[in-house]
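Since the structure comes first, as structure tokens, the remarks are kept for the end.
The values are calculated or read from the model by the stated rules, or taken from the named source; none is laboratory data. What you see is a predicted model, and the numbers here were worked out from it, not measured in a lab. With ideal geometry, Cβ positions are generated from the backbone for all residues, glycine too; neighbour counts draw on all protein chains shown.
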Amino acid sequence: MTGRALRTYPAVAALLLTAAAPGAADGPRLVVRLAPGAPDAAQHVPFVDVTLVVQGMHAAAGDALFELPMVANTVVTSGRDVQGLSVSDAAGPIAVTTQDIAEDGSNTTRRWRASRAVDGGVTVRYRVPIDAAAPPLALPQYEMRTEGGTFSAAGNAFLLLPTDTVPRRVEVRWDFAAYGKAGAGVSSFGIGDVTTPAALPAQKLASAYYMGGRPGTAGPEADGFFAAWQGQPPFAMAPLMTWAGALHRFYGGFFGYTPPRFGVFGRTNARNPGSGIGLTDSFAYTFNQTSKPDDLRSLLAHEMLHSWVNSLDGSMDSAGGLDRSWFGEGLAVHYQRTLPYRAGMISAEDFLKDLNETAGRYYTNIKIATPNAAIPDGFWRDTRVRVLPYDRGSLYFETVDAQIRAESGGRRSLDDIVRTMLKTRRDGGAMNEALYRSLLKAELGDGGLTDLDAMLAGATVLPPSDAYGPRFRRVSRPLRRYDLGFDMASLQARPKIVRGLIAGSNAAVAGLRDGDEILNGFPQDALQGDQLAYVTLDVKRDGRVLQLRYRPRGEIVDAYQWVPVDGASGKRR
């Protein structure tokens, strides 16, 4: 803070009169009010003032009231930058102390503990400054960013939220009094000021997105689809969002229902375009000045699917369940190409490009035999482990689909299992691994369970040649493994000092040496699927900065790909 007090808003003050009282008939509420500052000459939003009003809080002295990640899945948040924090209730100010908890190597959470008992409504005020000069990250797009008179961030990067598990009706309110009349706000819950129709746990706000200022927008459509983007795309964004909205409606017809809303948030990232993160009823993706609509369609198709195939309870795709991400991510990759192709929204060439990128990355992956139980340990440290749930999971489901079609004479497919699981969840049942196993056994018997367990243990998955219909067949082709040419753990160190350089590798030939310090970050997940891609390293050596460029590829191995069958025709699966 510069000494200036945070503003008090009449609407919030009015709510405070009732916040300490018992919740209304529809339960307690949680108000999030976001007030961005006026953009500077470079059109950067300098800060966002945050006011939270939380009804129905109960805590003894010393209990944790609020929490915010300091590091979320390796992303450093705005948690340490919070300014002018005040916490109060009807009885007056509440002194708080902080405690940082390192949950694992990728996540650290700060908790604010009350100095006295609390019973009723609590108000929190603080300012979040935004560093416009912060370099773009090749990491999940959680952190606070500003450009083009707009800011954006996921809630887990800047929102203090209650530590309790009480669901609350959420109100997102935007205040552009300081910003200016042109201000507009969008969150995962909708465009403008929004009150959620149902009570939500705080985690839903943490995994929601917030974008305010002058974002581009599209929608909302009749089915609840809407979009917002920050920065200036190199192409007209509205037609791409029209395509995404049409695919979203196709998904709703295929799966048998449509979520009440779904938002798509785009922002620029020069270092890592084409990345995406799934969020509450939404997702965020990145683009840069070289991005093309075709490059983003697969990403859009994938992330929208998480509205249907995620949110599993129990042991599958739950928080911390990266060993189970083969289900949600595997299904999303399977359907991201299958459903747009069925809908006639991508070509056969686009379908094969997507499939072969997945297959090429999987069959050349030196970590291919990593069991699912070991996925969490390496997920954020080794890109070759991180992509396995996506690649192996999708090829596994395509194998299961082919087996069910063959067993039933084409009358049934994987779609029947997925729709049954989704209906079970909508009817209040448990959508978990036990349900999947029971449905799989009903289709394929004990052999299906044996194959599932083998996949989970790390066995290589291979769909049959005709798994994708009579128009395509499987071939074997020589491809090169992804190989940076040095110990990948070097990238996790601070500073990033090269260790374990492999003599004769492409990195060594390009001039890299042990002891060099790598200054830049770069996205590796997509690199693995592109045999022709180059990596550029900014390297510091003896006080000089060098730039080295090479293909991160190693030994040649036989890998499976699919190609068109000459003269073949047939219905799209």
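Restrict the check to segment 525-533 and report whether at least one residue is in contact with a strand residue (DSSP E or B) (Cβ under 8 Å, 6 or more places away or on another chain), among the acidic types (Asp, Glu) and on the phi < 0 side of the Ramachandran plot. Scanning segment 525-533, I find no residue that is in contact with a strand residue (DSSP E or B) (Cβ under 8 Å, 6 or more places away or on another chain), among the acidic types (Asp, Glu) and on the phi < 0 side of the Ramachandran plot, so the answer is no.
Residue selection: Arg110 satisfies the criterion of being within 18 Å of Leu205 (Cα to Cα), charged (D, E, K, R) and either modelled with pLDDT of 95 or more or part of a helix (DSSP H, G or I) (or both).
Every residue, every condition in (1) closer than 20 Å to Ala138 by Cβ; (2) aliphatic (A, V, I, L, M); (3) assigned by TED's automatic domain parsing to the domain that holds Glu398; (4) touching a residue at least 24 places away in the same chain (Cβ under 8 Å), yes or no:
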position	(1), (2), (3), (4)
Ala493	yes, yes, no, no
Ile497	yes, yes, no, no
Leu501	no, yes, no, no
Ala533	yes, yes, no, no
Leu537	yes, yes, no, yes
Asp542	no, no, no, no
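Screening segment 179-215 for residues that are under 15 Å from Phe151 (Cα atoms) and modelled with pLDDT under 95 and picking the one that is surrounded by the most Cβ atoms within 10 Å (Cβ to Cβ) gives Gly180. Restricting attention to segment 307-334, the residues that are in a helix (DSSP H, G or I) and either acidic (Asp, Glu) or at pLDDT below 85 (or both) total 6.
Considering each residue of segment 425-436, count those that are touching a helix residue (DSSP H, G or I) at 6+ places or on another chain (Cβ under 6 Å) and surrounded by fewer than 18 Cβ atoms within 10 Å (Cβ to Cβ), and give that number. The total comes to 0.
Listed by position, the helices (runs of 4 or more DSSP H) enclosed by segment 432-530 that each have at least 3 residues that are more than 29 Å from Ser275 (Cβ to Cβ) are 433-456. Going by what's in this entry, would Ile101 be described as more than 19 Å from the chain's Cα centre (by Cα), crowded, with 19+ Cβ neighbours inside 10 Å and either farther than 15 Å from Leu159 by Cβ or basic (Lys, Arg) (or both)? No; evaluated as a whole, the condition is false for this residue. Within segment 253-268, can one find any residue that is in contact (Cβ under 8 Å) with a residue 60 or more places away in the chain, among the charged types (D, E, K, R) and outside the structural domain of Leu30 (by TED's automatic domain parsing)? Within segment 253-268 (the criterion being in contact (Cβ under 8 Å) with a residue 60 or more places away in the chain, among the charged types (D, E, K, R) and outside the structural domain of Leu30 (by TED's automatic domain parsing)), the answer is yes, since at least one residue qualifies. Modelled with pLDDT of 95 or more and of a type outside the set (A, V, I, L, M, F, W, C): does that describe Glu433? No, not satisfied. For segment 534-564, the tally of residues that are of a type in the set (Gly, Ala, Ser) and under 23 Å from Asp354 (Cβ atoms) stands at 1.
Is it fair to say Ser78 is within 22 Å of Ala157 (Cα to Cα), hydroxyl-bearing (Ser, Thr, Tyr), under 22 Å from the mean Cα position of the chain (by Cα) and surrounded by 17 or more Cβ atoms within 10 Å (Cβ to Cβ)? In short, yes. Number of residues in segment 117-136 that are surrounded by fewer than 20 Cβ atoms within 10 Å (Cβ to Cβ) and either acidic (Asp, Glu) or in a loop (DSSP other than H, G, I, E, B) (or both): the value is 8. Only residues that are surrounded by fewer than 22 Cβ atoms within 10 Å (Cβ to Cβ), modelled with pLDDT of 95 or more and over 22 Å from Val418 (Cα atoms) were counted in segment 246-268, giving 0.
Residue-by-condition table, conditions (1) over 24 Å from the mean Cα position of the chain (by Cα); (2) within 18 Å of Arg127 (Cα to Cα):
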position	(1), (2)
Pro39	yes, yes
Asp63	yes, no
Pro69	no, yes
Val87	yes, yes
Ala91	yes, no
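So for segment 145-162 (the condition being at pLDDT 95 or above, among the aliphatic types (A, V, I, L, M), more than 25 Å from Pro129 (Cβ to Cβ) and under 18 Å from the mean Cα position of the chain (by Cα)), does at least one residue qualify? Within segment 145-162, none of the residues are at pLDDT 95 or above, among the aliphatic types (A, V, I, L, M), more than 25 Å from Pro129 (Cβ to Cβ) and under 18 Å from the mean Cα position of the chain (by Cα). Of note, Pro389 satisfies the criterion of being crowded, with 19+ Cβ neighbours inside 10 Å, assigned by TED's automatic domain parsing to the domain that holds Leu449, in contact with an Asp or Glu (Cβ under 6 Å, 6 or more places away or on another chain) and not hydrophobic (A, V, I, L, M, F, W, C).
Would you call Ala533 modelled with pLDDT under 95 and assigned to a loop (DSSP other than H, G, I, E, B)? So Ala533 passes the test.
Looking at segment 204-271, the strands (runs of 3 or more DSSP E) lying wholly inside it that each contain 3 or more residues that are touching a helix residue (DSSP H, G or I) at 6+ places or on another chain (Cβ under 6 Å) sit at 225-229.
Being crowded, with 18+ Cβ neighbours inside 10 Å, modelled with pLDDT of 95 or more and of a type outside the set (A, V, I, L, M, F, W, C) narrows it down to one residue among Glu398, Glu303, Glu407; which is it?
Glu398
Residues that are of a type outside the set (Lys, Arg) and part of a loop (DSSP other than H, G, I, E, B) within segment 276-292 comprise Thr280, Asp281, Asn288, Gln289, Thr290, Ser291, listed in sequence order. One residue stands out in segment 435-451 among those that are in contact (Cβ under 8 Å) with a residue 24 or more places away in the chain and under 30 Å from the mean Cα position of the chain (by Cα): the one that is nearest to Arg419 (Cα to Cα), namely Tyr436.
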